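Report on one structure; see the data block that follows.
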Amino acid sequence: MILKTRLFGQTYCFKNVKEVLAKANEIKSGDMLAGISAETAQERIAAKHVLSQLTLEELRLNPVVPLEEDEVSRIIDGDINEAIYQDIKNWSVAELREFILRTETTGADLSRISRGLSSEMVAAVAKLMSNLDLILGASKIRITAHCNTTIGVSGTLASRLQPNHPTDSTEGILASLREGLTYGIGDAVIGLNPVDDSLDATVRNLSGMYNFITEWKVPTQVCVLAHITTQVKALRKGAPVHCLFQSIAGSEKSNEAFGINKEILDEAYELGLKEGRATGPNIMYFETGQGSELSSDGHYEADQVTMEARCYGLARHYKPFLVNTVVGFIGPEYLYDSRQVIRAGLEDHFMGKLTGIPMGCDSCYTNHMKADQNDIENLAVLLSNAGCTYFMGVPMGDDVMLNYQCTSFHDVAALREVLRLRPLPEFEAWLEEQGIMRNGKLTSSAGDATIFTR
Amino acid sequence: MALEDNIKLIVEQVLNQINEKNKELVPAPVQQEKKTACPAGTDETILDDITQVDLQKYLQVPNPVNGDFYREMKKATPARIGVWRAGTRPLTDTLLRFRADHATAQDAVLNDVSEEFIQDFDLVKLQSACRDKDEFLTRPDLGRKLSPESVETLGKMAKAGAELQIIIADGLSSTAVETNVPDLLPALLQGLSNVGVSVGTPVFVKYGRVAVMDCIGEELKPQAAIMLIGERPGLGTAESLSAYLAYNPRAGMLESERTVVSNIHKGGTPPSEAGAHLSSVVKAILERKASGVNFSF
């Protein structure tokens with residue numbers, strides 16, 4: 001294993017694979033906060049050069065958290081298909097990059113090698129990719145999954161309707177829900193971030209949204225993003241659960257900070273399949289975001305891109321229906337400005353797709369960050385071209401509960417219009433029935449939430 | 001009930017005092033109108049202030065199926081619904097209002113609390129280990145420490161060993177501090193004096209995060225400390241302030257050992273009411289010698 005190189009005559013020597021991975025990252029304030037980023041621009045390129053010549057086998061044998069110490073490492077390693085891995089283990093990371101980008105390489109080819117990749121390999125190749133590489137590579141990979149609707153179908157762009165309310169008022173939630181539907185939003189999921197995480201509130205919120213979509217025969221799924229153990233309790237009480245949500249991290253230690261582990265996820269997954277009301281077979285919904293491991297001190301001195309890739313490795317184990325990065329939510333100490341958020345959004349989407357999951361993105365920012373609505377519109381256009389599975393839809397992009405901004409109902413509708421993308425097929429048929437959409441275009445009824453009154 | 005009565009009483013007392021004071025001192029209201037001279041010959045008429053529109057009453061959908069129900073829905077949520085569209089894009093005034101609200105939020109984060117404010121309230125001025133706003137935003141670890149000069153200042157200027165140390169910090173909203181503290185602080189001091197709690201020298205920490213109170217605790221060894229700090233602004237309000245209270249503030253204390261009262265602003269808990277309420281919380285913390293998860297009020 002070669003950890004040494006020369007650049008402009010100067011020698012750079014790295015102490016291990018983890019350090020190479022960290023220093024090969026594009027610049028991120030979170031890696032600087034962790035004290036692990038490259039110290040100069042030249043050192044960054046030296047690290048990329050060393051990384052490009054490492055083999056996939058060397059990356060598998062050097063996970064950033066040892067298997068003995070971490071169940072996430074064990075899950076990822078255990079899910080690798082050995083036959084496929086044997087075929088590619090001698091490739092360098094440079095060769096993997098070029099294989100992905102080659103014109104002859106199809107989505108089917110990438111889906112196959114995906115099963116032989118560990119998360120460290122996925123992260124490594126992302127670090128060698130330019131932004132346009134990340135877009136091109138991801139655009140080849142279509143991953144579909146089915147809960148009540150089929151997500152990831154070619155030519156579609158789906159959306160999560162996020163009807164959040166500062167006090168979880170059912171009337172308030174339904175008001176945003178109605179409005180979103182008339183813009184063609186909600187085919188990925190109608191997903192509420194609750195203020196009140198209690199069992200009673202979870203049951204009440206689930207029932208309120210479920211009753212509405214049952215009454216209006218909306219082909220989609222509902223979800224309350226309470227802690228997964230609360231959703232499991234609601235399910236046991238007979239509440240209408242389609243998919244089960246949880247925020248996840250890339251190490252066992254950081255998942256502990258989220259109050260979860262493999263056992264809890266296994267139990268929820270099995271119960272959801274057995275007792276949940278969705279058609280399935282994909283019923284899990286995960287959210288992630290670069291920097292969460294450092295924020296709970298579970299990053300093991302590894303960089304935030306590699307830790308993020310490990311989230312996707314963990315997610316893959318549960319054949320999820322939805323996974324999205326909440327890319328600008330964490331704040332400027334991890335992603336400093338719009339440039340870093342856009343880079344992270346493209347990395348996350350690419351890494352998710354290469355891992356084999358139907359990756360979406362909450363393209364967003366907080367008010368203490370050097371970013372604004374124009375920046376996340378840019379990111380959404382870039383990601384739509386990369387084949388991003390879904391975005392969030394929030395009234396005017398202003399989330400009145402979480403106090404951050406993301407993509408709006410209008411944004412999703414405009415992305416579909418500009419890039420000639422459609423809602424998911426079952427959902428579009430329903431929009432036509434309701435007179436909201438005709439031949440892929442919104443009608444004059446779109447934007448009037450009171451079409452859903454009897 | 002008795003507690004509520006007590007709060008009402010303090011609020012009244014303080015409001016009276018403030019009104020009296022205002023007659024002489026007039027600490028100018030924060031939002032002073034800035035007049036800009038217009039070139040001669042231009043139209044004297046001024047455009048309406050778009051930020052004065054109550055969005056929850058403003059329905060832009062031209063011919064809704066059910067206008068009454070729409071107005072009810074808008075009343076039920078502060079979310080920006082009923083906004084209509086130009087094709088798939090928002091209408092111009094909706095877009096501009098969104099940008100105006102975001103501008104307010106950004107200014108709240110990036111602007112500093114004014115020197116006059118610190119002087120007006122006789123606060124000892126300290127600074128965290130951050131050198132500037134940028135470092136404050138990217139290095140939460142430094143925002144939790146005091147600069148060496150400030151440690152020195154603290155030793156010289158502030159009284160040690162008080163029952164309660166009051167700390168004000170900009171945090172993520174200078175606007176929240178400048179808007180709420182003028183009403184909150186007098187109510188808090190009045191309430192504390194009513195319940196017989198003595199306070200140390202109030203301090204202000206520029207570029208401060210919550211845990212900088214631990215550092216100040218180490219230096220001054222008060223029995224308890226309260227920190228008033230600006231919350232991260234949303235688009236709905238950039239004025240929200242939080243109070244963090246700690247019994248025996250010291251290095252290495254856990255986040256769960258702090259008691260938090262958040263959402264202090266005119267649309268949430270009004271500042272004078274919050275000040276009165278906080279004085280009772282302080283009293284209880286001192287009596288029970290605990291805060292955070294070990295304490296319920």
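The values are calculated or read from the model by the stated rules, or taken from the named source; none is laboratory data. Since the model is a prediction, treat every value here as computed from it, not as a measurement. When we count neighbours, we look across all protein chains shown, and the Cβ atoms used for this are built from the backbone with ideal geometry, even at glycine. Just the protein is used for accessible areas: all its heavy atoms, side chains included, with ligands, DNA and RNA removed. Shrake-Rupley method; radii C 1.70, N 1.55, O 1.52, S 1.80 Å.
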- Query: For B:Leu55, all conditions in the list (1) in contact (Cβ under 8 Å) with a residue 24 or more places away in the chain; (2) in contact with an Asp or Glu (Cβ under 9 Å, 6 or more places away or on another chain) hold save one; what is the number of the exception?
  - Reply: (2)
- Message: Of everything in segment A:166-176, what is open to solvent by less than 10 Å² (accessible area, probe 1.4 Å) and either at the interface with another protein chain (Cβ under 10 Å from one of its Cβ atoms) or under 30 Å from A:Phe350 (Cβ atoms) (or both)? Give them in sequence order.
- Response: A:Gly172, A:Ile173, A:Ala175, A:Ser176
- Taking A:Ser408 as meeting all but one of (1) within 20 Å of the chain's Cα centre (by Cα); (2) without any contact (Cβ under 8 Å) to a residue 60 or more places away in the chain; (3) more than 8 Å from every other protein chain (Cβ to nearest Cβ), write down the number of the exception. (3)
- Query: How about segment B:115-169: which of its residues are surrounded by 14 or more Cβ atoms within 10 Å (Cβ to Cβ), more than 14 Å from chain A (Cβ to nearest Cβ) and in a helix (DSSP H, G or I)?
  - Reply: B:Phe117, B:Ile118, B:Asp120, B:Ser150, B:Val151, B:Thr153, B:Leu154
- Item | Matching residues, segment A:183-202, being within 13 Å of chain B (Cβ to nearest Cβ), open to solvent by less than 10 Å² (accessible area, probe 1.4 Å) and in contact with a Ser or Thr (Cβ under 7 Å, 6 or more places away or on another chain) | A:Ile185
- Note on the structure: Quick count over segment B:68-85, residues being open to solvent by 40 Å² or more (accessible area, probe 1.4 Å) and closer than 23 Å to A:Asp399 by Cβ, is 5
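Of the residues A:Gly397, A:Gly393, A:Gly387, which single one is under 24 Å from B:Asp93 (Cβ atoms) and more than 9 Å from every other protein chain (Cβ to nearest Cβ)?
On the way: A:Gly397 fails: more than 9 Å from every other protein chain (Cβ to nearest Cβ); A:Gly387 fails: under 24 Å from B:Asp93 (Cβ atoms).
That would be A:Gly393, the only listed residue that is under 24 Å from B:Asp93 (Cβ atoms) and more than 9 Å from every other protein chain (Cβ to nearest Cβ).
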- Of all residues in segment A:141-165 being surrounded by fewer than 23 Cβ atoms within 10 Å (Cβ to Cβ) and among the small types (Gly, Ala, Ser), which is nearest to the other protein chains (Cβ to nearest Cβ)? A:Gly155
- Message: For segment B:244-275: of the residues being in contact (Cβ under 8 Å) with a residue 60 or more places away in the chain and within 18 Å of B:Glu163 (Cβ to Cβ), which is farthest from the chain's Cα centre (by Cα)?
- Response: B:Pro249
- Message: among the aliphatic types (A, V, I, L, M), out of contact with any Ser or Thr (no Cβ under 7 Å at 6 or more places or on another chain), part of a helix (DSSP H, G or I) and surrounded by 23 or more Cβ atoms within 10 Å (Cβ to Cβ): which single residue out of A:Ala22, A:Ala47, A:Ala83 fits that description?
- Response: A:Ala47
- Note on the structure: Of the conditions (1) over 29 Å from B:Asn111 (Cα atoms); (2) out of contact with any helix residue (DSSP H, G or I) (no Cβ under 7 Å at 6 or more places or on another chain), the single one that B:Gly171 does not satisfy is (1)
- Message: So the check is Cβ under 7 Å with 6+ separation or different chains; which pairs have a first residue in segment B:77-93 that's within 7 Å of chain A (Cβ to nearest Cβ) and over 16 Å from A:Thr443 (Cα atoms) and a second one that's of a type outside the set (Lys, Arg) and open to solvent by 60 Å² or more (accessible area, probe 1.4 Å)?
- Response: B:Pro78/B:Gln56; B:Pro78/B:Gly236
- Message: One residue is enough: does segment A:358-377 have a residue meeting the conditions under 26 Å from A:Ala126 (Cβ atoms), among the basic types (Lys, Arg) and open to solvent by less than 10 Å² (accessible area, probe 1.4 Å)?
- Response: no
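Please work out if A:Glu417 is of a type in the set (Asp, Glu), open to solvent by 10 Å² or more (accessible area, probe 1.4 Å) and within 12 Å of chain B (Cβ to nearest Cβ). Working first, answer last.
Values: of a type in the set (Asp, Glu): yes; open to solvent by 10 Å² or more (accessible area, probe 1.4 Å): yes; within 12 Å of chain B (Cβ to nearest Cβ): yes.
When the stated conditions are applied, A:Glu417 passes them.
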- Of these, A:Phe245, A:Phe286, A:Phe258, A:Phe212, which one is of a type in the set (Phe, Trp, Tyr) and either at pLDDT below 95 or touching a His at 6+ places or on another chain (Cβ under 8 Å) (or both)? A:Phe258
- Message: When you check A:Ile135 against the structure, is it surrounded by fewer than 24 Cβ atoms within 10 Å (Cβ to Cβ) and under 18 Å from A:Pro358 (Cβ atoms), yes or no?
- Response: yes
- Could you check, for segment A:301-319, whether at least one of its residues is open to solvent by less than 10 Å² (accessible area, probe 1.4 Å), in contact with a strand residue (DSSP E or B) (Cβ under 7 Å, 6 or more places away or on another chain), at pLDDT 95 or above and of a type in the set (S, T, N, Q)? no
